[in-house]
Amino acid sequence: MIKVQHLGKAYDEKGKAAITDVSFEVEQGEIFALIGESGCGKSTTLRCMAGLEQPSEGEVQLRGERIIGPWEQLIAGHPDIKLVAQSYDLFPNMSVWENIKHPIRKYTKEYQQYRISELMRLCRLEGLENKTPEHLSGGEQQRVAFACALSDEPAVLLMDEPFSNLDIPVKTMLRREVKRMVKESGTTVVFVSHDTSDALAIADRVAVMKDGEILQVGTPKQIYSEPANSYIAGFFPYANILSWNDALNVLDLSDKKASAVCIRPESVRISVAHDEQKTKAKVIDVEYAGADDFLILETVKGTKLHAKANAFEFDEQDDVYIHIDDYYLLDK
Ligand code: ADP
Ligand code: MG
């Protein structure tokens, strides 16, 4: 559907490129996430895909046709591709209804009525028709921005950090809603986020970026369970990335070779009963987090590990025994 090929962008000729040799392909109806730290080139990639930024190298194709850059045409952008910027860009003086109507204002009254009603339902905005954006919550504004972006039925919807300005409960709800809206409308979506949980929650596939380059593309499960290197493994909160020597304190790694080992917090099994087979450790910190509590443990040899456990069952300074159920070798 949309193909990014060897894309490169340098904002000034002498400076370092913002992105280098970025390539990936997104299928029709897919939700694709670009994740990475601030400044790694996510927005630049998205803007090139929307035809709003002129690539220095490579190209973007939609259904086999090259997206024309802003230096090559009078009005930047592509009619089948919509970009929802981080700032939402709603018209402050217009009602929700008028905002959603704006992209389709040239169509017949009947079509507008039909399409806006459908979007109000899809984006769960019923009852907010006459409000102006300033009277809406962050989550409602985001949903209006979606409705506006979807109103002219773009083939591809690009979203820059769509969930970053929202509180966690709103964000969790909205992520689910976005997935439903997108799947129901059949739109192809590429969104950008610096938060891995967004990508894990709704993306069909994920690309991890660092310093303007793509490090790995895969399903959320592949990125999580088969990270290509220690940077990606460590991009998920609470991952234990251990040096080889530290890993030897908790694992039998005979015949194996790598620079580092990743142990997910859920792979650290904790027992309180004395057990010679297991590694002795001490609880040095307990983090209550509701559904996902974490402990920080330190083995007798000084290796620190994050472990998932019910925080109410443990106290600081408790002696425990640990067994590692699973691990991944990194940077072999
Ligand atoms: P992200 O969205 O991942 O935070 P960006 O694509 O915005 O990253 O930025 C990538 C790099 O390009 C950064 O070093 C940033 O400072 C630089 N950059 C982004 N936009 C511009 C611009 N319009 N002019 C010059 N440099 C820019
Ligand atoms: Mg950005």
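Calculated over region 194-294, the projected area of the Cα convex hull averaged across directions stands at 8.6 nm². According to the Kirkwood relation over distinct C-alpha pairs, the hydrodynamic radius of region 71-126 is 13.2 Å.
Magnitude of the charge dipole for region 242-330, about its Cα centre and with charges confined to Cβ atoms of Lys, Arg (+1) and Asp, Glu (-1), is about 440 debye. Restricting region 1-92 to chymotrypsin sites (Phe, Trp or Tyr not before Pro) that sit in a DSSP loop and have at most 14 other Cβ atoms within 10 Å of their own Cβ leaves Y11, W71. A P(r) calculated from all alpha carbon pairs of the chain, with 10 Å bins opening at zero, reads 5, 22, 26, 21, 15, 8, 3, 0 percent. Principal axis analysis of the Cα atoms in region 1-135 yields extents of 51, 31, 30 Å, listed in decreasing size.
Of the complete DSSP H runs in the chain, those spanning 18 angstrom or more by Cα along the long axis with a mean Kyte-Doolittle score not below 0.0 are 138-151. The H on the amide N of D293, modeled in the peptide plane, is under 5 Å from the matching H of A309, A311, each at least 5 residues off or on a different chain.
P(r) tail for region 242-330: Cα pairs beyond 21 Å make up 26% of the total.
Of the GluC sites (Glu not before Pro) in region 41-103, the ones in a loop by DSSP (not H, G, I, E or B) with at most 16 other beta carbons within 10 Å are E72. In region 242-330, a dipole from Cβ-located charges (positive for Lys and Arg, negative for Asp and Glu) runs towards its positive end, and of Y321, L242, V272 it is L242 whose Cα lies farthest in that direction. Against the compact-protein benchmark of 2.2 N^0.38 Å, the Cα-based radius of gyration of region 108-248 scales to 1.29. Relative to the current alpha-carbon distance between L248 and K179, full extension at 0.36 nm per residue lengthens the span by 20.6 nm. In region 204-257, the alpha-carbon atoms span a convex hull of 106 Å³ per residue. Charging the Cβ of each Asp and Glu at -1 and of each Lys and Arg at +1, and nothing else, the dipole of region 2-233 about its Cα centre rounds to 500 debye.
Comparing A145, I214, S193 along the charge dipole axis of region 2-233, the residue lying farthest to the positive side is A145, per the Cβ-charge model.
Every number here is computed from the coordinates shown, using simple stated rules; none is lab data. Since the model is a prediction, treat every value here as computed from it, not as a measurement. Positions of Cβ are generated from backbone atoms using ideal geometry, with glycine treated the same way; all protein chains shown enter the neighbour counts.
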